[in-house]
Amino acid sequence: MSDERTILLVNDVEMFRELGSAFLTHSGTVLTASNGDEALRIAKQVRPDVMLVDLMMPGLDGDAVCRFVKNDPDLFQTAVVMLVGVDDPHAWGRAVRAGADDVLAKPLSRVSLNKTVQRFTRGQVPTGQPRIPV
C-alpha cells in the first residue's frame, strides 16, 4: 500500500482546477471535479484524504457537498477545505456551518494552499474549525 495522499479539487472553473493541480503536484495525487455531483461520485470511489471545494458552484454547491461528506459514514473522516471569496463573511459562515475543517480565501496563494493540505495529509490536525472560548 502506498503512502501517497489523495486530494480532490472541486471547482467549476477549469483554470482554477488546473492551477490548483499544479500547485499541489508535490502534495499527493490530485484528482479534479467540475461540480458537486461529480465530486461526490469520485469521493465515494476513491475516499480522498482532503477535498478542496469551492463554495459557489452551479448545481450542488460546496456547502451541500461538505454536509454530505461529513454525514456519510464512509467519508466523514475526509478533511474538507472550503474555498470562499475573501470579502464575503456570509460565505465563511456557510462553510463553517456546513462542517468545513478549514476555510481558505480566494485568490489562493500556493504557499497557503500547500500548508493547509499538508496539515491534513500528515494526520496531525484534528478536524473542525478551531473554537475560541467565550
For the range 99-105, Karplus couplings with θ = phi - 60° (6.51, -1.76, 1.60), whole Hz, Gly/Pro x: x, 4, 6, 7, 9, 10, 8
For the range 1-106, with equal point scatterers placed on the C-alpha atoms only and solvent neglected, what are the log10 I(q)/I(0) values from the Debye formula at q = 0.18, 0.19 1/Å, to two decimals? -0.79, -0.88
Residue of D74, D102, D63 that the Gaussian network model of the chain assigns the largest fluctuation, springs spanning Cα pairs under 10 Å: D74
Under 19 Å from the Cα of K106 - lysines, other chains or at least 8 residues apart: K115
Area accessible to solvent at R119, 1.4 Å probe radius, in Å²: 90 Å²
Applying a 10 Å radius around every beta-carbon, put 8-17, 26-35, 45-54 in order of their mean neighbour count, most first. 45-54, 8-17, 26-35
Could you estimate the translational diffusion coefficient of the range 61-104 from the Stokes-Einstein equation, with Rh from the Kirkwood formula over C-alpha pairs, at 37 °C and 0.692 mPa s, in whole µm²/s? 318 µm²/s
Given a 1.4 Å probe and heavy atoms of the protein chains only, how would you sort T25, T6, largest accessible area at the top? T25, T6
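The values are calculated or read from the model by the stated rules, or taken from the named source; none is laboratory data. Predicted, not measured: the structure shown is a model, and the values here were computed from it. A quick note on method: Cβ atoms are made from the backbone with ideal geometry, for glycine too, and the neighbour counts reach across all protein chains shown. All accessible areas refer to the heavy atoms of the entire protein, side chains included, with ligands and DNA or RNA removed. Shrake-Rupley method; radii C 1.70, N 1.55, O 1.52, S 1.80 Å.
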